[in-house]
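**Q** Encoded as structure tokens, here's the structure I'll be asking about.
The values are calculated or read from the model by the stated rules, or taken from the named source; none is laboratory data. Quantities reported herein were computed from a predicted structural model and do not represent experimental measurements. Heads up, the Cβs are rebuilt from the backbone with ideal geometry, glycines too, and the neighbour counts pull from every protein chain shown. Note: accessible area is taken over every heavy atom of the protein model, side chains too, but ligands, DNA and RNA are not part of it. Shrake-Rupley method; radii C 1.70, N 1.55, O 1.52, S 1.80 Å.
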Amino acid sequence: MNGRTSLNGQNSNQQFRSTSTQLHRSSMSRRPRRSYQDSNRLTSKSLTQKREVVWLDPQEQDRLLRQRSLSDAKQGNYEAAIAGLTILVNRNPESALDYNNRGLVHFQSGQLLAALEDYNTAIAINPKLASAYNNRANYHASQGNLVEAIDDYESAIDLDPTNVRAWINQAITFRDLEMYAQAVENLEHALQIHQLLMRHSEEDQFLEAHIYATRGRTHYLAGDWNYAIADYYRALDRLEDSDNPTIQRLRSQVQTWLEELH
């Protein structure tokens, strides 16, 4: 399995309905007439309340737009996601995070050169953004530029040694270069870090299975078939039956690899 992994705010409008009630003249005569000053005060109060609901703080608007754009990307609505993230980078031209996120969506949608441009911009703005190096490394790996990929993964790991995905991705690249011992060493580091930080969620279980599956495949390619079989079974133990298509794909892949050894 050569699946490298990448690293990563909805305005709510409330409608106000007012209902006018026809009053009988007789009842109007019994009611004390409200002064213009009192009426104006009520109107001002209502408008203030409405403004507080509709007009969000700019940072909150950005957060909601970012959240919605990333949700669109996750659902495969790449055009909508890119449009939202473009609004964000136009509002915040010094936001490395938004450039990095847009680059990731460009990459996912097949717009590779646009992705690279956004990653480069993110790194130029914030040279310490580890996820941007990981994502740019994925671009290099996709183009067969494995040495450049190794260097960018190394930068991501140097900036954030707990970046498990960067450790895995670099291991896959080492494996592609037939540097199997280095790949296994990376995966063992990734496993140790992950087990220290894991919260036993479904996502954590999947990531651990991914590490075992990747290490198993590395052992297989290195000719260590017994180690490969052991890691394949460890991966399957962590991939319980699930409707999640990503989990299903990994489980199917590991089972196929296991069948190769029987």
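**Q** Give the distance, in whole Å, between the Cα centre of region 59-82 and the Cα centre of region 234-248.
**A** 28
**Q** Using a Förster distance of 25 angstrom, determine the FRET efficiency expected from the C-beta separation of Glu154 and Leu64, and round it to 0.05.
**A** Taking R0 as 25 Å, the efficiency between Glu154 and Leu64 is 0.10.
**Q** How many Å² of accessible area per residue for region 158-262, probe 1.4 Å?
**A** Values: 5590 Å² over 105 residues.
On a per-residue basis, 53 Å².
**Q** Now for a different question. How much area per residue is accessible in region 50-136 when the probe is 1.4 Å and only protein heavy atoms are counted (Å²)?
**A** Working: 4710 Å² over 87 residues.
I get 54 Å² per residue for region 50-136.
**Q** In whole percent, how big is the carbon plus sulfur part of the accessible area of region 96-195, probe 1.4 Å, protein atoms only?
**A** Numbers: 1970 of 4000 Å².
Carbon plus sulfur share of accessible area: 49 percent.
**Q** What nm distance separates the two modelled labels at Gln248 and Gln143, each placed 7 Å from Cα along Cα→Cβ?
**A** The modelled label-to-label distance comes out at 3.5 nm.
**Q** Taking the Cα centre as origin and putting +1 on Lys and Arg beta-carbons and -1 on Asp and Glu beta-carbons, what dipole magnitude results for region 107-208, to the nearest 20 debye?
**A** Its charge dipole is roughly 160 debye.
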